[in-house]
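In what follows, a structure is listed as structure tokens, so that the remarks can point back to it.
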Amino acid sequence: MSNSSEYFNTKTWNRRQILSWGLTGLGMTATAAILNTRLKPSSKVKIPPLEEQSEATNINFNPTRILRDFDYGQLKQENGRTIREFEVTAKSSTLQLNSAISFVSWNLNGRVPGPTLRAKAGERVRILFHNQDGSSHSMHFHGTHPVEMDGVKPVRHGKTEIYEFDAEPYGVHPYHCHIAPVTRHISKGLYGLFIVDPPEGRPPADEMVMVMGGFDINNDQKNELYAFNGIPNYYRDHPIQIYQNQLVRLYVLNMIEFDPAVTFHIHANMFQVYRTGRTLTPNEESDVITMGTAERHILEFSYSYPGRYMFHPHQDAIAENGCMGYFDVIAT
Ligand SMILES: [Cu+2]
């Protein structure tokens, strides 16, 4: 479904652009800090080949692939206008959450989280939502759109709903089912990210998506297990490979129901925070950030030293129940 070459070939960043943009937008100290983060990594993005990375077995989907899997849809020309069209199908399937626990998920395109839909600001997007699940569902997008496209009306089994609107504003937006009880429809797996890129794009980086979810196994309105990208402890057991000194851009979303907020923390490093993805210059620098449910940010960092580094929420009970992972920083 993705067509990334067409998507990115309009824009290449060079040092001059970054310099002029940095110098006009910020004071000298901040500029130096940003140049440091942005220019130290080589201008060519280096991503470890997937073959070298651990392959999953015995699960429905591979969270390592979900990390860097962006759905750019299909471009269509209609009456002189370009439309970026996506297809999303809701179904039920069983997830093996660990060796002992299987869980009947409601999911989109066979995965939890659903596909990472990606468009540029101002583009017309059209989402063909097919509900092949036995229960009614919907797709409600964050961002701006007319009320008819707000996705709060049930789409019954076997029906297709078309959501069409202009992708605005640029930033990182969640989407999720909005049928009551929403807590149940979300915690069963019906959520994902909608990335709207700024028209000028962002500088090259190893981009990845991390969506935090909770699983209420016994319907007690509490989560027994948690996960980054669908499978508890997956990145603890299959560390995410990245290269030393390569800028990493992480799109992170908290879709954990029942817990009011969660933090995200990386070890032995700091990250730049672009809140809600609504800025081109960082709002702050930290190594831990708090997100209420549906809050999301872009975090940027690069590791100077090779080795294996933890990342996890600093609510350690949540980390100990599945939201735990490692970055495996490969020396270059
Ligand atoms: Cu639903």
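Nothing in this text is a laboratory measurement; each read-out follows from the coordinates by a stated rule. In this text the structure is predicted, and so the values were computed from the model without any measurement. Methodologically, a virtual Cβ is constructed for each residue, glycine included, from the backbone with ideal geometry; neighbour enumeration extends over all protein chains shown.
Structural remarks
- Over the range 79-221, equivalent-ellipsoid semi-axes from the Cα gyration tensor in Å: 27, 19, 13
- Debye log10 I(q)/I(0) for the range 127-166, one point scatterer per Cα, at q = 0.16, 0.30 Å⁻¹: -0.36, -1.03
- Debye, to nearest 20: dipole size of the range 207-252, +1 on Lys, Arg Cβ, -1 on Asp, Glu Cβ: 180 debye
- Ranking of VAL182, VAL288 by count of other Cβ atoms within 10 Å, fewest first: VAL288, VAL182
- Proxy reagent accessibility, fewest Cβ within 10 Å first, across MET310, MET139: MET310, MET139
- Value of D in µm² per second that Stokes-Einstein yields for the range 204-244, Kirkwood Rh from Cα pairs, at 37 °C (0.692 mPa s): 273 µm²/s
- Protection proxy ranking, peptides 271-281, 184-194, average beta carbon neighbours within 10 Å, highest first: 184-194, 271-281
- Cross-link reach list, aspartates and glutamates versus LYS44, counting only Cα pairs under 20 Å and skipping chain neighbours closer than eight places: GLU6, GLU52, ASP69, ASP197, GLU200, ASP206, GLU207, GLU300, ASP328
- The relative contact order of the range 225-332, computed from alpha carbon pairs under 8 Å that lie at least 6 residues apart in sequence, is 41 percent.
- Simple rule: put +1 on each Lys or Arg Cβ and -1 on each Asp or Glu Cβ in the range 231-332, find the dipole, and look at SER286, PHE301, LEU253; the Cα lying farthest toward the positive end is PHE301.
- Extending 7 Å from Cα along the Cβ direction at GLU148 and again at GLU78 yields two label points whose distance is 1.2 nm.
- Computed E for ARG65/ALA294 - FRET, C-beta separation, R0 25 angstrom, nearest 0.05: 0.55
- For the residue pairs LYS76/LYS188; LYS46/LYS120; LYS91/LYS222; LYS120/LYS153, the alpha carbons lie more than 28 Å apart in LYS76/LYS188.
- Ranked for footprinting exposure by Cβ neighbours inside 10 Å, fewest first, VAL112, VAL147, VAL252 give VAL147, VAL252, VAL112.
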